[in-house]
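Take a look at the structure set out below.
The values are calculated or read from the model by the stated rules, or taken from the named source; none is laboratory data. Because the structure is a prediction, the values reported are computed rather than measured. Glycine also receives a Cβ, built like all others from the backbone with ideal geometry; neighbour counts cover every protein chain displayed.
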Amino acid sequence: MSQVPTFSFSRSLSFWASALVVLPVFLQAPWVRFHPFSSCLFTAFLLTAGIVAVHIGNTFWKKTGTLLVGFSGSWLAGSLFWGWLRMHPVLHLPVEAIALPLAIGGLNSRWKLSCSFYLTSLLGTAITDLTMALTGVMSFWPEVVKANSNEAAHVLNAAAKLVLQPTSLLILVSAAGLVLWLAKQFWTQAARASEHQEAWRVAAAVLSTTLLIDALFLLLSLSVPSLSGLI
């Protein structure tokens, strides 16, 4: 009888992990443009809410709270970079890795879900940034962040078209294939593992959602570049 609730619970965690990947696109991105300092302060709210949920909530809220703790690290890094360092894409990954030592050290602790979320988010960011660098899209980054909405849409459209060149397209497809393969491995590991199943499921959900967000961004840049400025 315990298998069905456990399966449903794991699916619920995967859903919330995916939701937390999407949230910065629609909430943090516009927020940090206008008031990065308050966006940074919001990290304290996320961290506090997560810790409180872990200590006083039921089983569901304890697990959800651990996800919030991991998400708070990604939120802080995103606020710092997009608030003050967005003109320097080379700093993106180092800033996103601000909590890397803590995440690695906590993998075998009660915070393994937090660490799994954060580390997989960082992995997705690393693959995305590397793909952008290899395709040449990274060179458009400073132009996009300093341009107004109309100019940014034009630059984004040019960058997206660059991706459709044969070599760039091959790199893009290879990167997408790598993400899909990794996500599949994580799902497989979750099915086989006697422990840490939830951490593997969260990792798979985060990577899969990252790929969907990147694909959406590319599609918008090609078809409706004015909307892609939202991200």
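Would you be able to say whether some residue in the range 109-123 is crowded, with 16+ Cβ neighbours inside 10 Å and either more than 18 Å from LEU67 (Cβ to Cβ) or in contact with a strand residue (DSSP E or B) (Cβ under 8 Å, 6 or more places away or on another chain) (or both)? Checked the range 109-123: no residue is crowded, with 16+ Cβ neighbours inside 10 Å and either more than 18 Å from LEU67 (Cβ to Cβ) or in contact with a strand residue (DSSP E or B) (Cβ under 8 Å, 6 or more places away or on another chain) (or both).
When restricted to residues that are exposed (fewer than 15 other Cβ atoms within 10 Å of the Cβ) and in a helix (DSSP H, G or I), the range 179-208 contains 7.
Checking the condition at negative phi and under 21 Å from the mean Cα position of the chain (by Cα), which residue from THR128, THR167 passes?
Numbers: THR167 fails: under 21 Å from the mean Cα position of the chain (by Cα).
Checking each option against the conditions leaves just THR128.
Of all residues in the range 124-149, those that are surrounded by 15 or more Cβ atoms within 10 Å (Cβ to Cβ) have Cβ atoms under 8 Å from Cβ atoms of residues that are of a type in the set (Lys, Arg) and modelled with pLDDT of 85 or more, 6 or more apart or on another chain, in VAL145/ARG86.
Here are ALA103, ALA153, ALA126: which of them is in contact with a Phe, Trp or Tyr (Cβ under 9 Å, 6 or more places away or on another chain), assigned to a helix (DSSP H, G or I) and of a type outside the set (Phe, Trp, Tyr)?
Working: ALA153 fails: in contact with a Phe, Trp or Tyr (Cβ under 9 Å, 6 or more places away or on another chain); ALA126 fails: in contact with a Phe, Trp or Tyr (Cβ under 9 Å, 6 or more places away or on another chain).
Testing whether each residue is in contact with a Phe, Trp or Tyr (Cβ under 9 Å, 6 or more places away or on another chain), assigned to a helix (DSSP H, G or I) and of a type outside the set (Phe, Trp, Tyr) leaves just ALA103.
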